[in-house]
Amino acid sequence: MNEFVERAIDLRWPAAIKPAYDVVIIGGGGHGLATAYYLATRHGITNVAVLERSYIGGGNSGRNTTIIRANYGIPEAVRFYQRSVDLYAHLEQETDRALMHKTKGLLWIAHSEAGIRQERARAAVNTACGATTEYVDPAAIGEICPQIDLTGGGVWPVYGASYHPAGSTARHDRVVWAYAEGAMRLGVDVFQRTGVIGLRMERGRVTGVETSQGPIAAGVVLSAVGGHVTTIASMVGLRLPIRTHPLQAFVTNRYAQAFHPIVASSGLGGYASQTAKGEMLIGAEIDRAPSYAYDSGYPFLQHCAFRMMTLLPFLRDLRVLRQWTGVCDMSTDYSPVMGLTGVDGFLVTTGWGTWGFKAIPAGGEQLAALIATGRTPDLIAPFSLDRFARDRTMADRGSAGTH
Ligand SMILES: Cc1cc2nc3c(=O)[nH]c(=O)nc-3n(C[C@H](O)[C@H](O)[C@H](O)COP(=O)(O)OP(=O)(O)OC[C@H]3O[C@@H](n4cnc5c(N)ncnc54)[C@H](O)[C@@H]3O)c2cc1C
């Protein structure tokens with residue numbers, strides 16, 4: 001436990017698991033806890049249990065590179081993520097917790113003619129759908145981020161970029177714990193070290209869960225287990241268009257000179273920002289082979305560090321401090337899957353891949369509305385599971401910060 005959790009927040013742990021809840025949420029990551037929080041705060045539904053098999057935020061919600069943005073590639077995604085950006089902007093005030101939310105601006109660099117077209121298109125679709133993004137030339141890039149080598153080491157020249165002023169970061173574990181605290185304060189039961197090992201079904205409807213602590217009956221069960229969704233869904237015979245891939249990241253030692261924006265490059269397949277402590281935080285692409293392994297490897301580090309150093313030469317003087325891995329629920333169209341599953345009483349929030357931290361507020365808010373009203377809100381209707389059967393996939397490679 002860190003100092004924030006030990007001292008700064010007021011956690012009301014339940015004494016015992018009740019035999020039945022209106023809603024059982026599997027997974028104590030950002031999406032599960034935000035859904036519980038919005039059920040309680042927006043709909044007055046508090047007979048809710050969140051079951052986490054490990055510890056709160058121990059999954060990807062506590063392992064990500066904390067980037068928040070709405071500069072996606074398709075209108076439906078831009079609108080959805082813009083809602084999350086708006087909710088994040090007031091989350092510190094709403095939860096009364098210091099979440100270290102900081103607006104930095106995000107540069108997405110173009111190194112080729114195709115890259116210029118891509119970034120111009122991103123700026124156009126973003127602006128048309130309510131997220132401000134403009135196309136900027138190398139001179140403007142140099143002003144926004146003087147540390148960028150505009151020659152790209154002679155290999156990856158910088159021709160332009162899209163600039164998204166709303167790009168921001170927030171301290172990931174604080175966000176997760178603030179949602180947990182807010183939900184618990186209103187009576188939601190949150191249990192750690194309580195894994196779901198089976199789903200109970202009666203006459204084609206999911207009626208509860210089997211856990212490591214015994215059975216629990218539920219009106220509705222929501223799976224919010226990140227990369228482990230395939231296992232949970234298979235318990236009711238559901239196959240999802242999801243593959244689980246590891247994603248690695250690393251931080252360097254502290255860098256004194258202020259590095260203000262977030263910088264991403266599809267050409268280099270990586271992105272960088274500076275943490276509040278001063279470390280340079282670098283992320284990249286998923287590992288190609290699907291796996292549930294949390295291994296971190298030297299080949300990733302070498303490949304990613306080499307490429308990012310061509311754009312940001314000052315990185316050469318820094319040292320790698322820490323490297324880690326999460327396992328990501330990658331959907332086949334790079335968009336999330338939220339809502340009804342076709343199995344009565346069973347919902348999912350998944351397909352968050354490498355991009356779901358920024359989606360936590362809007363994802364939680366919209367799923368809570370669906371559970372409370374029984375109607376899928378317009379904002380998330382395009383992301384329902386049946387889109388694959390209806391041939392209405394939401395292809396958006398721009399979901400990953402590296403495309
Ligand atoms: C290295 C890395 C960098 C990333 N960078 C970014 C970024 O910059 N911006 C961004 O928006 N997104 C980013 N992401 C993605 C983002 O972190 C995830 O999409 C998001 O955190 C998913 O949240 P979640 O609540 O769905 O899943 P998780 O946070 O993974 O939570 C799922 C929880 O379910 C629990 N669980 C699993 N199985 C069971 C079970 N059977 N019973 C009970 N509990 C169970 C797990 O223990 C886990 O705690 C990154 C991810 C990684 C790995």
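Just one of (1) surrounded by 21 or more Cβ atoms within 10 Å (Cβ to Cβ); (2) in a helix (DSSP H, G or I) fails for Leu240. It is (2). For segment 196-227, the set of residues classified as in contact with an Asp or Glu (Cβ under 8 Å, 6 or more places away or on another chain) and without any contact (Cβ under 8 Å) to a residue 60 or more places away in the chain consists of Ile197, Gly198, Arg200, listed by residue number. Name the single residue, out of those in segment 294-331 being among the β-branched types (Val, Ile, Thr) and within 25 Å of the chain's Cα centre (by Cα), that is farthest from the ligand (Cβ to nearest atom). Step by step, filter segment 294-331, then rank; the result is Val320. Considering segment 144-162, the residues that are in contact with a strand residue (DSSP E or B) (Cβ under 9 Å, 6 or more places away or on another chain) and touching a residue at least 60 places away in the same chain (Cβ under 8 Å) include one that is surrounded by the fewest Cβ atoms within 10 Å (Cβ to Cβ), namely Ile144. Within segment 110-120, does at least one residue satisfy the condition of being modelled with pLDDT of 95 or more and within 26 Å of Thr325 (Cβ to Cβ)? No, segment 110-120 has no match at all.
Considering segment 297-325, and only residues there that are hydroxyl-bearing (Ser, Thr, Tyr) and either in contact with a Cys (Cβ under 8 Å, 6 or more places away or on another chain) or farther than 21 Å from Ile67 by Cα (or both), the residue that is modelled with the lowest pLDDT turns out to be Tyr298.
Please work out if Val188 is in contact with a Phe, Trp or Tyr (Cβ under 9 Å, 6 or more places away or on another chain), in the same structural domain as Ser234 (by TED's automatic domain parsing) and farther than 28 Å from Arg12 by Cα. Here the answer is no, as Val188 does not meet what is asked. Kindly evaluate Ile116 against the criterion of being over 19 Å from the mean Cα position of the chain (by Cα), more than 16 Å from the ligand (Cβ to nearest atom) and surrounded by 15 or more Cβ atoms within 10 Å (Cβ to Cβ). Considered against the rule, which asks whether it is over 19 Å from the mean Cα position of the chain (by Cα), more than 16 Å from the ligand (Cβ to nearest atom) and surrounded by 15 or more Cβ atoms within 10 Å (Cβ to Cβ), Ile116 comes out as yes.
Selection of segment 153-172 for residues being outside any loop (DSSP other than H, G, I, E, B) and at pLDDT below 95 yields Gly153, Gly154.
Quick check, is Thr393 within 14 Å of the ligand (Cβ to nearest atom), among the hydroxyl-bearing types (Ser, Thr, Tyr) and surrounded by fewer than 21 Cβ atoms within 10 Å (Cβ to Cβ)? It is false that Thr393 is within 14 Å of the ligand (Cβ to nearest atom), among the hydroxyl-bearing types (Ser, Thr, Tyr) and surrounded by fewer than 21 Cβ atoms within 10 Å (Cβ to Cβ).
Taking segment 267-289 as the range and being over 19 Å from the mean Cα position of the chain (by Cα) and either at positive phi or not in a strand (DSSP E or B) (or both) as the test, the residues that pass are Gly267, Leu268, Ala276, Lys277, Gly278, Arg288, Ala289. Checking every residue in segment 380-387 against the condition of being crowded, with 20+ Cβ neighbours inside 10 Å, within 21 Å of the chain's Cα centre (by Cα) and β-branched (Val, Ile, Thr) gives at least one match.
Matching residues to (1) under 13 Å from the mean Cα position of the chain (by Cα); (2) more than 9 Å from the ligand (Cβ to nearest atom):
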{"position": "Glu6", "(1), (2)": "no, yes"}
{"position": "His43", "(1), (2)": "no, yes"}
{"position": "Ser54", "(1), (2)": "no, no"}
{"position": "Thr65", "(1), (2)": "yes, no"}
{"position": "Tyr72", "(1), (2)": "no, yes"}
{"position": "Arg83", "(1), (2)": "no, yes"}
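On inspection, Val251 does not qualify as in a strand (DSSP E or B), away from the ligand (no atom under 12 Å from the Cβ) and within 21 Å of the chain's Cα centre (by Cα).
Restricting segment 22-33 to residues that are over 21 Å from Leu247 (Cβ atoms) and in contact with a Gly (Cβ under 6 Å, 6 or more places away or on another chain), the residue that is farthest from the ligand (Cβ to nearest atom) is Asp22.
Comparison of Thr310, Thr325 shows that the only residue that is surrounded by fewer than 22 Cβ atoms within 10 Å (Cβ to Cβ) and outside any strand (DSSP E or B) is Thr310. Within segment 85-100, the residues that satisfy the criterion of being buried (at least 18 other Cβ atoms within 10 Å of the Cβ) and either more than 15 Å from the ligand (Cβ to nearest atom) or without any contact (Cβ under 8 Å) to a residue 60 or more places away in the chain (or both) are Thr95, Arg97. Per the listing Thr133, Thr169, the residue uniquely more than 16 Å from the ligand (Cβ to nearest atom) and within 18 Å of Ile68 (Cα to Cα) is Thr133. Put simply, of Thr393, Thr376 the only residue that is in contact (Cβ under 8 Å) with a residue 40 or more places away in the chain, more than 19 Å from the chain's Cα centre (by Cα) and within 20 Å of Pro75 (Cβ to Cβ) is Thr393.
Of the set (1) exposed (fewer than 13 other Cβ atoms within 10 Å of the Cβ); (2) assigned to a strand (DSSP E or B); (3) of a type outside the set (S, T, N, Q), all apply to Tyr294 but (2).
The lone criterion from (1) closer than 30 Å to Arg397 by Cβ; (2) in contact (Cβ under 8 Å) with a residue 60 or more places away in the chain; (3) β-branched (Val, Ile, Thr) left unmet by Val78 is number (2).
The values are calculated or read from the model by the stated rules, or taken from the named source; none is laboratory data. Predicted, not measured: the structure shown is a model, and the values here were computed from it. A quick note on method: Cβ atoms are made from the backbone with ideal geometry, for glycine too, and the neighbour counts reach across all protein chains shown.
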